[in-house]
1. If Tyr99 meets every condition in (1) of a type in the set (Ser, Thr, Tyr); (2) surrounded by 23 or more Cβ atoms within 10 Å (Cβ to Cβ); (3) over 27 Å from Leu196 (Cα atoms) apart from one, which number is that one?
2. May I ask you to verify whether Ile247 is hydrophobic (A, V, I, L, M, F, W, C) and more than 30 Å from Met314 (Cα to Cα)?
3. Tell me which residues, restricted to the range 54-74, are touching a residue at least 12 places away in the same chain (Cβ under 8 Å) and not in a helix (DSSP H, G or I).
4. Name the pairs whose Cβ atoms lie under 8 Å apart, with the first residue in the range 128-154 and on the phi > 0 side of the Ramachandran plot and modelled with pLDDT of 95 or more, the second outside any loop (DSSP other than H, G, I, E, B) and of a type outside the set (A, V, I, L, M), and 6 or more positions between them or separate chains?
5. Scan (1) surrounded by 20 or more Cβ atoms within 10 Å (Cβ to Cβ); (2) in contact with a Pro (Cβ under 9 Å, 6 or more places away or on another chain); (3) touching a residue at least 60 places away in the same chain (Cβ under 8 Å) for the single condition Asn38 breaks and write down its number.
6. Test each condition in (1) under 18 Å from the mean Cα position of the chain (by Cα); (2) surrounded by 17 or more Cβ atoms within 10 Å (Cβ to Cβ) for Leu239 and report the one that comes out false.
7. Could you tell me whether Gln288 is surrounded by fewer than 18 Cβ atoms within 10 Å (Cβ to Cβ) and within 16 Å of Ser155 (Cβ to Cβ)?
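The values are calculated or read from the model by the stated rules, or taken from the named source; none is laboratory data. Predicted model only: the values in this text are computed from it and were never measured. Heads up, the Cβs are rebuilt from the backbone with ideal geometry, glycines too, and the neighbour counts pull from every protein chain shown.
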Amino acid sequence: MDKISIIVPVYNAEKYLDQCIQSILNQTHTNIELILVNDGSKDLSEEICLSYEKLDDRVKFINQSNSGVSVARNSGIDYASGTYIGFVDSDDWIHPQMYEILYARTKEHRADLAMCNYTRISNYGIRKDALEFDSYGFLEKKKMYETIIYPMIGSSMENLSAAPVMGSNWRCLYKADVIKNHSIKFKKITIAEDMLFHLTYMLKIQNVYVEKEVLYYYRYNNESATLSFIPNLWETLILQLNEVEKILEEHHVYDLQCRERMMSTKFYFICWCIENELHKGNKKNYWQKVKTINQYKSAAESKGVFTWKNILKMSRNESIIWGLVKLRLYGIFNLYLKKLA
């Protein structure tokens, strides 16, 4: 039974941390190394981590000044001594057999990566299974691209309403030697840093095993996106897009399929940024907001998004949204999105 290093970045997580840690220590795959990386928490998270380190010699504690989740995960990777590496977020928890099942799949099929499904749990306790994949079981390279890599880059233009596959690292079991031999690290950006890591890893491997069972429990705040205005959202998303394009180009896989899906992601990002710019939490006046939105549309990164070729592939709702943005009817656009929500 190989050792699995499980890395948990911790920041002000006292409310849920016990449940998270206990779910890991109670794994039926007992040969684990739990690496808790405290990222400068200001609550009782550090004390909770230290108490578990004293109770169980499988727990390792790293303390660092607040540097962000990417640096915390990278610190965990540097410390990890396991043959395999997994990640869990500090406000989530996992099925008791998660790592036993994923480990067994990698060994049975000689898979370079194992993934599972997850359940989304709102702050109201509402659960919804996220069954994202079209295919399950052992997938060779071609099927891996069709099932995971392309949908992770973005939706197809014909089906923009379909949610892309999340590039999340927390429902995966990675080979440590692939990560370390290729120096795969988390980039220090604030959105989708795990997607960039996951994409880079997948472009280094030949196959994957996708487990249909729901083994990860993902807690999310279903109010946060609507209650807050996100400053510098456009700049952050463009940085993420540029990083994805760079990774694809470096691995010589930036083909027509990738380009089309990147175009659909750009369309989604523009809509998200327009909605964000019109948010009541943004203190600019309306015409300042319109000026900023027009800059999104005219940016080099938006080139090719608002062409008639794209609208011909879209569904009715996406076509209406596309038209409202193209015609700069942003107030109606905002009302239409709220109607669809």
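1. The one condition Tyr99 does not meet is (3).
2. No; evaluated as a whole, the condition is false for this residue.
3. Once the filter is applied, which keeps residues that are touching a residue at least 12 places away in the same chain (Cβ under 8 Å) and not in a helix (DSSP H, G or I), the range 54-74 yields Asp56, Arg58, Val59, Lys60, Phe61, Ile62, Asn63, Gln64, Ser65, Asn66, Ser67, Gly68.
4. Gly137/Tyr209
5. (3)
6. Here Leu239 clears every test but (2).
7. On the way: surrounded by fewer than 18 Cβ atoms within 10 Å (Cβ to Cβ): yes; within 16 Å of Ser155 (Cβ to Cβ): no.
The answer is no for Gln288.
Here's the yes/no breakdown for (1) among the aromatic types (Phe, Trp, Tyr); (2) touching a residue at least 60 places away in the same chain (Cβ under 8 Å); (3) not assigned by TED's automatic domain parsing to the domain that holds Cys273:
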{"site": "Ser298", "(1), (2), (3)": "no, no, no"}
{"site": "Ser302", "(1), (2), (3)": "no, no, no"}
{"site": "Trp308", "(1), (2), (3)": "yes, no, no"}
{"site": "Ile311", "(1), (2), (3)": "no, no, no"}
{"site": "Ser315", "(1), (2), (3)": "no, yes, no"}
{"site": "Trp322", "(1), (2), (3)": "yes, no, no"}
{"site": "Lys326", "(1), (2), (3)": "no, no, no"}
